[in-house]
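The values are calculated or read from the model by the stated rules, or taken from the named source; none is laboratory data. Bear in mind that the values here come from a model prediction, so they are computed numbers and not experimental data. Methodologically, a virtual Cβ is constructed for each residue, glycine included, from the backbone with ideal geometry; neighbour enumeration extends over all protein chains shown.
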Amino acid sequence: METVLGIESSCDETAAALVTSGRVILAQRIASQDDAHRPYGGVVPEIAARAHAERLAPLIAATLADAGMTLSDVDAIAATAGPGLIGGVMVGLVTGKALAMAGDKPLIAINHLEGHALSPRLADASLEFPYLLLLVSGGHCQLLLVEGVGRYRRLATTIDDALGEAFDKTAKMLGLGYPGGPAVERLAAEGDARKVPLPRPLLGSAEPHFSFAGLKSAVLRAKEAGQHADADIAASFQQAAIDCVVDRTRRAIGAAGDVDALVVAGGVAANRTIRAALERLAGEHGMRFVAPPLSLCTDNAAMIAWAGIERLGQSDSLDFAARPRWPLDAAAEPVRGAGVKA
Ligand code: KG4
Ligand code: ZN
């Protein structure tokens, strides 16, 4: 049985976890920076980097103590090396390198997106490759064919905003504060999704991609018109977003060929209404539906440690450079209008 120490610091969660090859999370700690960023309505990279630098080392020490372990009990160090906010990524990666050096352990540099992509296999031992993955987070919105560890074929991505970003911006427009996704979901539960007519960009389109910018602008117009209850706007937004996600995923199921599991991961996968819609879609196609528990959806270090378990035997060089952009499928064509998002 092997144990990997995972380190995550690519956005606004400072996290450490110890995970075994037997899929047991021995200990994990997450320090959220929500309070530090709330006054600004979003993540401020410089504040995030400083907070990671202050908190990460004691957090790792506490995680080891929780499991009654020391560095010598660990078989490898897995640290997020990108993509993400570069200051935070550097803090986590450099810490991982230092521990690897001090403990004479292999360093495994993990792609944060791979952490999300493989996280369903930590929770569900029966999930085998290949599977169709909807990866939806604050910075990414992709459909991927996951053929194996390190083997990802991107079928679709967003040409403008990520889904989590659309939730966060909607939250901001409705004055719900930060972080926005869970707040929109809560308010939507009190609203009527049929009250506010909103567009569903690219619905039914022959091209595979996602688009949420037009929906976001329509939410702003609906809010400014002042005729609708915020809860109805939230519910109508969430439903429009889900209709788009289901339509695009249905198209990908057709394109993916012989795949029997539909999997969702990333922060937005914590949304219960989205999970339910995808579960129905999977059922319609005779596919299994797999979604990690909510705590494994939003950023955490257990998924990074698990990706390290999946990559055990690999050892990255101590001069591995942090990568602000690091696509899972390097061969995928850039898409029109995709802007700066990796
Ligand atoms: O994966 P994650 O924790 O961080 C990134 O790698 O981006 O995803 C964070 C995103 C945020 O945009 C957040 O608003 C969204 O996931 N999110 C949700 C929910 N929980 C988190 N969106 C909709 N409903 C939720 N319950
Ligand atoms: Zn993430």
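Some values worked out for this structure:
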{"read-out": "Total residues in the range 292-312, condition within 15 Å of ligand 2 (Cβ to nearest atom), in a helix (DSSP H, G or I) and touching a helix residue (DSSP H, G or I) at 6+ places or on another chain (Cβ under 7 Å)", "value": "8"}
{"read-out": "Residue among Arg275, Arg250 that is within 12 Å of ligand 1 (Cβ to nearest atom), assigned to a helix (DSSP H, G or I) and in the same structural domain as Ala166 (by TED's automatic domain parsing)", "value": "Arg275"}
{"read-out": "Residue tally, condition touching an Asp or Glu at 6+ places or on another chain (Cβ under 7 Å) and away from ligand 2 (no atom under 16 Å from the Cβ), over the range 139-160", "value": "3"}
{"read-out": "Output for the range 62-73, where each listed residue is farther than 10 Å from Leu26 by Cβ and touching a strand residue (DSSP E or B) at 6+ places or on another chain (Cβ under 7 Å)", "value": "Ala62"}
{"read-out": "Flag for Ala98 being assigned by TED's automatic domain parsing to the domain that holds Gly22, over 23 Å from Phe320 (Cβ atoms) and surrounded by fewer than 24 Cβ atoms within 10 Å (Cβ to Cβ)", "value": "no"}
{"read-out": "Answer residue from the range 34-50, given it is within 16 Å of ligand 2 (Cβ to nearest atom) and either surrounded by 21 or more Cβ atoms within 10 Å (Cβ to Cβ) or of a type in the set (Val, Ile, Thr) (or both) and is nearest to the chain's Cα centre (by Cα) among those", "value": "Val43"}
{"read-out": "Residue match in the range 176-195 (condition: within 16 Å of ligand 1 (Cβ to nearest atom) and under 15 Å from Ala252 (Cβ atoms))", "value": "no"}
{"read-out": "Filtered residues of the range 20-46 (kept if within 30 Å of Ala171 (Cβ to Cβ) and modelled with pLDDT of 95 or more)", "value": "Ile25, Gln28, Arg29, Ile30, Ala31"}
{"read-out": "Contacts under 9 angstrom Cβ, first residue in the range 132-143 being closer than 17 Å to Ile253 by Cβ and assigned by TED's automatic domain parsing to the domain that holds Ala252, partner within 7 Å of ligand 1 (Cβ to nearest atom) and of a type in the set (S, T, N, Q), 6 or more apart", "value": "Val136/Asn271"}
{"read-out": "Residues of the range 16-43 that turn out to be closer than 18 Å to Pro120 by Cβ and within 13 Å of ligand 1 (Cβ to nearest atom), as a count", "value": "0"}
{"read-out": "Subset of the range 242-266 [in contact (Cβ under 8 Å) with a residue 60 or more places away in the chain and in contact with a Phe, Trp or Tyr (Cβ under 7 Å, 6 or more places away or on another chain)]", "value": "Arg248, Val259, Ala261, Leu262, Val263"}
{"read-out": "Single unsatisfied condition, Gly283 versus (1) within 16 Å of ligand 1 (Cβ to nearest atom); (2) in a helix (DSSP H, G or I)", "value": "(1)"}
{"read-out": "Considering residues of the range 177-205 that are at negative phi and modelled with pLDDT under 95 only, the residue surrounded by the fewest Cβ atoms within 10 Å (Cβ to Cβ)", "value": "Tyr178"}
{"read-out": "Enumeration of residues in the range 95-138 that are within 13 Å of ligand 2 (Cβ to nearest atom), assigned to a helix (DSSP H, G or I) and not polar (S, T, N, Q)", "value": "His112, Leu113, Glu114, Gly115, His116, Ala117, Leu118"}
{"read-out": "Qualifying residue in the range 141-160 (condition: at pLDDT 95 or above, more than 16 Å from Asp329 (Cβ to Cβ) and in a strand (DSSP E or B))", "value": "no"}
{"read-out": "Conditions (1) without any contact (Cβ under 8 Å) to a residue 40 or more places away in the chain; (2) among the small types (Gly, Ala, Ser); (3) crowded, with 17+ Cβ neighbours inside 10 Å: number failed by Ala166", "value": "(1)"}
{"read-out": "Where a residue in the range 267-293 is closer than 14 Å to Thr249 by Cα and its partner, wherever it lies, is of a type in the set (D, E, K, R) and assigned to a helix (DSSP H, G or I), with Cβ under 6 Å and at least six apart", "value": "Phe289/Glu279"}
